[in-house]
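Following: one structure in structure tokens, then a few remarks.
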Amino acid sequence: MRSITMIVVASTLTSACMSNPATHAADNGLPARLLIVSGTGVRDVEVQAGRNVYTNTAGEQSETVRYKTVKEKFNWKDWGFFQGRDRLDEQDWFKLRDPAASAEIEKARSRAYREQMIGLPMAVVGIAGASLLQAGVGSEQLGSAASTASIAFYALAAGGTFLFGKGLRTMRKKRLLPLSRAYEAADEVSQCRGPRRCVTVKGSAERAGTTR
């Protein structure tokens with residue numbers, strides 16, 4: 001019975017953790033392409049609009065800051081990895097032309113997976129322990145040490161949550177290496193500003209007006 005419970009717990013933890021998204025795509029002989037897309041956008045931002053100073057009957061002053069929402073333009077840039085027309089994961093793409101870079105990504109993702117696998121059970125145990133103590137379970141046996149145990153459980157939960165979140169954020173990142181590494185490794189690079197406004201800037205077919 002115990003072994004079955006351990007299997008269920010292990011399966012639950014594994015399914016809750018995000019694994020390496022690489023698919024180990026094979027080299028099909030087509031160019032390793034890098035597509036860079038950039039543009040502009042508008043977002044709402046809060047800016048300081050002024051200050052108000054108030055004086056009460058006792059002569060004491062208080063100050064409040066007023067804010068307003070304004071539109072702000074910003075530049076954005078995104079890029080994707082392709083083999084021919086097939087879109088690839090970053091790790092798979094680098095493995096075609098820069099195995100050392102691919103190994104860096106794999107190492108970072110392996111570390112991120114371990115962080116999830118360690119952090120999640122830490123958080124679960126910490127939250128469960130703190131909740132039980134708060135409900136009074138085990139408080140009599142622990143006596144004066146109950147408050148210390150509660151703090152320890154909360155610290156365990158916080159540390160586990162941080163570790164799990166850190167690993168999950170790393171695994172969700174579409175790109176772990178800078179654009180310059182991808183540019184150097186690519187056979188062909190196209191820069192685009194909006195749909196069908198692309199220019200091939202690197203590769204044997206360098207020309208203006210290249211479209212996707």
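Checking the Cα-Cα distances for Lys95/Lys174; Lys95/Lys202; Lys71/Lys166; Lys107/Lys202; Lys95/Lys166; Lys77/Lys173 against a 22 Å cut-off, the pairs over it are Lys71/Lys166; Lys107/Lys202; Lys95/Lys166. Taking the fewest neighbouring Cβ atoms within 10 Å as the starting point, the ordered list for Asp92, Asp78 is Asp78, Asp92.
Each of Ala155 and Lys77 was given a label point 7 Å from its Cα along the Cα-to-Cβ line. The distance between the two points is 4.4 nm. Note on Ile151, Ile118: ascending count of other Cβ atoms within 10 Å places them as Ile151, Ile118, the fewest first. For a Förster distance of 22 Å, can you work out the FRET efficiency between the beta-carbons of Val70 and Thr40, rounded to the nearest 0.05? E(calc), rounded to 0.05, equals 0.85. Take the Cα of Ala16, step 7 Å toward its Cβ, do the same at Asn52, and the gap between the two points is 4.6 nm.
Going from the residue with the fewest nearby Cβ atoms within 10 Å to the one with the most, Trp76, Trp93 rank Trp76, Trp93. Expressed as a fraction of 2.2 N^0.38 Å, the C-alpha radius of gyration for region 81-175 is 1.65. Paramagnetic label reach from Asp187 (point 7 Å along Cα→Cβ; backbone nitrogen cut-off under 15 Å): within region 72-94, residues 81-88, 93-94. Remark: spin-label model distance Ser62-Arg196 equals 6.1 nm, labels positioned 7 Å along the Cα→Cβ axis. Direction-averaged projected area, Cα convex hull, region 38-114: 10.9 nm², rounded to one decimal.
Each residue of region 79-91 was assigned a 3J(HN,Hα) from its phi angle through the Karplus expression (A = 6.51, B = -1.76, C = 1.60, θ = phi - 60°), giving 8, x, 10, 9, 10, x, 9, 8, 7, 10, 5, 4, 4 Hz with x at Gly and Pro.
Read-outs: derived from the displayed coordinates by stated rules, not from any lab. Keep in mind that what you see is a predicted model, and the values were worked out from it rather than measured. All Cβ positions, even for glycine, are placed from backbone atoms using ideal geometry, and neighbour counts span all protein chains on display.
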